[in-house]
Amino acid sequence: MLCFLFADLAPGSFFDEITLNPQISPETVAALRSHYGLDQPTPVRYVRWVTSVFKGEWGYSFAYNRSVSSLLTVRAGNTLLLTGMATLLVWLIAVPLGIWIADHSDGWVDRLCMRTTSVLLSVPELVVALGLLYLVVRTHVLPAGGMVSLGFDQLGRWSKLSDSMMHLMVPVITLVLSSLPILLRHVRASMVEVLNTPFIHAARGHGVARARLLFYYALPAAANPLISLFGFSVGGLLSGSLLVEVVTGWPGLGPLLLEATMSRDLYVVVGAVMSSTLLMIVGNLLADVMLVAADPRVRMQ
Amino acid sequence: MWAAVIFLALLHAVIVFAGFIAPYDPVGQNRDLPFVPPTRLHFIDAQGFFHIRPFIYQSTARPQSLYEYEESGVRAYPIQLFVRGPEYKIAGLFSSRIHLFSVEGPAQIFLAGSDNYGRDQFSRILYGGRISLGAGLLATAISLALGLLLGTFSGFYGRWVDESVMRTAELFLVLPWLYLLLAVRAFLPLHISPIQTFCLLVVVIGSVGWARPARLVRGIVLTAKTRKYVVASRGFGASDQHILRRHVLPHTYGVLLTQAALLVPQYVIAEVTLSFLGLGLSEPLPSWGNLLANLQQYNVLVSYWWMFAPALVLVVFSLGYLAVADRILKQLQSITV
């Protein structure tokens with residue numbers, strides 16, 4: 001799968017499109033093109049690009065005038081921080097809440113949650129992000145935009161940390177709000193299903209304590225589809241984070257990719273897409289590992 | 001069930017007849033009236049008399065101020081129905097000049113305020129809906145057609161066709177779709193005519209999302225082809241084509257319908273996102289995405305709340321579609337159980 005992805009996303013014949021300023025003379029353009037090796041035929045460029053990937057450079061950015069990997073590592077780290085925080089938070093909310101409303105299904109909290117999630121489901125991330133920004137700007141509760149405040153370097157260690165955390169809040173809340181509904185519904189659905197199985201009824205009949213019943217008996221049985229969902233949700237979160245990053249000015253992969261798309265900085269585009277794919281593959285791998293750890297049936301195969 | 005469907009149909013009718021309902025030309029500018037807040041409809045005049053026909057006052061710029069307006073109470077402009085205004089085409093066919101409502105000049109009615117060029121937001125939202133919804137609907141059609149085709153082949157013929165199609169589908173499912181869209185968009189020319197951009201958007205969005213419908217269709221085809229009547233039909237020497245058309249494909253219609261109701265809002269949002277990011281249709285043509293893109297400017301975000309109107313419309317549309325999808329799903333379950 002990895003190989004296929006790389007082959008699919010690798011640059012083929014996309015480099016003819018580089019639009020350059022008409023003020024620059026054709027000779028300069030030609031010189032630049034030969035400098036970057038753009039006058040070479042596609043296979044040559046492809047081979048060069050692959051060797052540069054193996055050298056850890058991932059091609060060369062025309063706009064930033066440095067190797068793509070040096071750009072990407074910083075940006076991908078930021079994206080990872082954002083999506084990681086969001087993922088952690090959303091699971092920390094969704095799993096306990098989902099279990100609780102599954103246990104009290106058809107109670108008023110359950111109905112309230114279902115109503116809220118069905119409304120939240122139809123509010124796109126873009127709108128959530130914009131609305132939240134509006135609120136934040138109006139009330140001045142949290143800093144809006146960017147990753148750190150002005151004068152960040154002068155701050156002490158703790159205020160640095162808290163400053164970054166404050167800046168993380170808006171994008172993370174947006175991501176949590178937009179991915180929570182689906183997750184919550186899945187947790188609830190799979191828990192309700194498990195809670196209706198005979199072995200849970202039997203356990204309940206034997207007088208197993210409620211907390212032990214829910215977390216020790218039911219949750220492991222319901223975990224399987226949830227872990228697979230985790231794998232799928234990583235892709236969604238990455239997409240969401242792209243948009244949220246652009247809107248809230250978080251310097252992650254998203255704004256870089258967008259900028260590169262606009263300025264036709266194609267090695268950067270390829271690099272950004274590949275690193276996002278890498279993040280996603282790592283997420284899926286993690287899900288597979290967890291699945292093996294959680295489900296004895298998978299371990300048997 | 002029908003309430004949601006009728007509501008949704010009405011919304012679409014409004015968008016289709018955008019030219020008739022919108023009082024102004026979506027690209028007509030009033031450079032001296034940027035960022036006018038939504039015009040207030042009045043029923044009670046200065047003397048305290050009640051009017052059944054609502055009226056407005058002209059919005060005029062407050063002296064010595066930037067982008068601040070007040071109502072000049074000098075003259076009331078009643079809202080008139082079926083008035084002559086700028087020319088437009090009904091559903092792209094017949095040209096007409098009759099608009100549902102408007103007011104007499106020089107007053108202007110901005111139901112949803114005006115933007116930085118003094119263009120009427122309300123008209124722009126309606127016209128923008130044509131592009132955003134049109135893109136969503138067409139992209140859904142493409143996606144479902146691809147999904148149906150590939151899903152049927154893979155379910156019906158199995159073996160290596162099935163293997164290859166399903167592996168590709170899994171790949172498309174897990175990929176972050178926005179990155180995929182951007183990547184595809186990046187490798188295509190940036191500056192092209194609006195119609196080309198529109199087609200490009202539709203094709204790109206539509207071809208990214210075929211995987212889920214394909215998997216669902218495949219599942220249904222797999223179970224349908226083992227039914228006894230299909231086996232019997234095959235025993236009587238029916239061709240593959242006949243079996244597919246008469247016995248297998250009718251099973252998939254329900255799923256396709258639900259998928260359509262789920263995909264349309266998703267794709268509308270995809271179009272909105274791309275246009276918001278500046279990769280979709282460009283100004284002066286309105287689409288919900290590039291209307292929202294105004295909010296990327298800090299001062300617009302902070303000061304002019306009516307620029308959020310397209311977002312509200314977008315949410316109402318997705319709510320409508322999701323309600324319909326929910327209903328269809330329930331209906332299907334009650335049939336099959």
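Return a yes/no flag: does segment B:265-272 have any residue that is within 21 Å of B:L149 (Cβ to Cβ), out of contact with any strand residue (DSSP E or B) (no Cβ under 6 Å at 6 or more places or on another chain) and β-branched (V, I, T).
no
Residues that are of a type in the set (F, W, Y) and out of contact with any Asp or Glu (no Cβ under 7 Å at 6 or more places or on another chain): does segment B:126-140 have at least one?
yes
Name the residues in segment A:209-261 that are among the polar types (S, T, N, Q) and at the interface with chain B (Cβ under 8 Å from one of its Cβ atoms), would you?
Passing the criteria: A:S239, A:T261.
For the condition of a type in the set (A, V, I, L, M) and more than 27 Å from B:Q296 (Cα to Cα), what is the one hit in A:A223, A:A260?
On the way: A:A260 fails: more than 27 Å from B:Q296 (Cα to Cα).
Within the list A:A223, A:A260, the selection yields A:A223.
Count, please, the residues in segment B:230-247 that happen to be aliphatic (A, V, I, L, M) and out of contact with any helix residue (DSSP H, G or I) (no Cβ under 7 Å at 6 or more places or on another chain).
Counting residues in segment B:230-247 that are aliphatic (A, V, I, L, M) and out of contact with any helix residue (DSSP H, G or I) (no Cβ under 7 Å at 6 or more places or on another chain) gives 3.
Tell me which residues, restricted to segment B:291-313, are in contact (Cβ under 8 Å) with a residue 60 or more places away in the chain and either within 18 Å of B:S132 (Cα to Cα) or assigned to a loop (DSSP other than H, G, I, E, B) (or both).
B:L291, B:N294, B:Y304, B:M307, B:A309, B:P310, B:V313
Scan (1) more than 8 Å from chain A (Cβ to nearest Cβ); (2) under 24 Å from B:G128 (Cα atoms); (3) at pLDDT below 85 for the single condition B:L332 breaks and write down its number.
Among (1) more than 8 Å from chain A (Cβ to nearest Cβ); (2) under 24 Å from B:G128 (Cα atoms); (3) at pLDDT below 85, B:L332 violates only (2).
Given the criterion among the basic types (K, R), more than 10 Å from chain A (Cβ to nearest Cβ) and under 23 Å from the mean Cα position of the chain (by Cα), identify the matching residue among B:R245, B:R327.
On the way: B:R245 fails: under 23 Å from the mean Cα position of the chain (by Cα).
Of B:R245, B:R327, the one residue that is among the basic types (K, R), more than 10 Å from chain A (Cβ to nearest Cβ) and under 23 Å from the mean Cα position of the chain (by Cα) is B:R327.
Checking A:M191 against (1) crowded, with 22+ Cβ neighbours inside 10 Å; (2) within 14 Å of chain B (Cβ to nearest Cβ); (3) in contact (Cβ under 8 Å) with a residue 24 or more places away in the chain, only one condition comes out false. Which one?
(2)
How many residues are more than 9 Å from chain A (Cβ to nearest Cβ) and over 23 Å from B:A4 (Cβ atoms) when one looks only at segment B:264-299?
Matching residues across segment B:264-299 total 16.
Taking the residues in segment B:35-65 that are of a type in the set (F, W, Y) and loosely packed, with under 12 Cβ neighbours inside 10 Å as candidates, determine which candidate is farthest from the chain's Cα centre (by Cα).
By that ranking, first place goes to B:F49.
Of the residues B:V302, B:V315, which single one is within 11 Å of chain A (Cβ to nearest Cβ), modelled with pLDDT under 80 and either out of contact with any Asp or Glu (no Cβ under 9 Å at 6 or more places or on another chain) or surrounded by fewer than 20 Cβ atoms within 10 Å (Cβ to Cβ) (or both)?
Going through B:V302, B:V315 in turn, the sole match is B:V302.
Applying the selection to segment B:1-58, what residues are out of contact with any Pro (no Cβ under 7 Å at 6 or more places or on another chain), without any contact (Cβ under 8 Å) to a residue 60 or more places away in the chain and among the aliphatic types (A, V, I, L, M)?
Result: B:A3, B:I6, B:A9, B:L10, B:A13, B:I44, B:A46, B:I52, B:I56.
Which members of segment B:227-271 meet the condition of being part of a helix (DSSP H, G or I), farther than 24 Å from B:L329 by Cβ and of a type in the set (G, A, S)?
B:A232, B:S233, B:G235
Output the residues belonging to segment B:66-118 that are more than 31 Å from the chain's Cα centre (by Cα) and not in a loop (DSSP other than H, G, I, E, B).
Residues satisfying the conditions are B:Y69, B:E70, B:E71, B:S72, B:G73, B:V74, B:R75, B:A76, B:Y77, B:P78.
Looking at (1) modelled with pLDDT of 75 or more; (2) facing chain A (nearest Cβ under 8 Å), which is the only condition B:V161 fails?
With (1) modelled with pLDDT of 75 or more; (2) facing chain A (nearest Cβ under 8 Å) applied to B:V161, the lone miss is (2).
Taking the criterion of being crowded, with 24+ Cβ neighbours inside 10 Å and not in a helix (DSSP H, G or I), would at least one residue in segment B:272-280 satisfy it?
Scanning segment B:272-280 turns up at least one residue that is crowded, with 24+ Cβ neighbours inside 10 Å and not in a helix (DSSP H, G or I).
Quick one: which of A:V244, A:V273 is in contact with an Asp or Glu (Cβ under 8 Å, 6 or more places away or on another chain), among the β-branched types (V, I, T) and assigned by TED's automatic domain parsing to the domain that holds A:I227? Steps first, answer last, please.
Working: A:V273 fails: in contact with an Asp or Glu (Cβ under 8 Å, 6 or more places away or on another chain).
Being in contact with an Asp or Glu (Cβ under 8 Å, 6 or more places away or on another chain), among the β-branched types (V, I, T) and assigned by TED's automatic domain parsing to the domain that holds A:I227 holds for just one of A:V244, A:V273, which is A:V244.
The values are calculated or read from the model by the stated rules, or taken from the named source; none is laboratory data. Just so it is clear, the model here is predicted, and its values are computed rather than measured. Cβ: placed from backbone, ideal geometry, glycine included. Neighbour counts: every protein chain shown.
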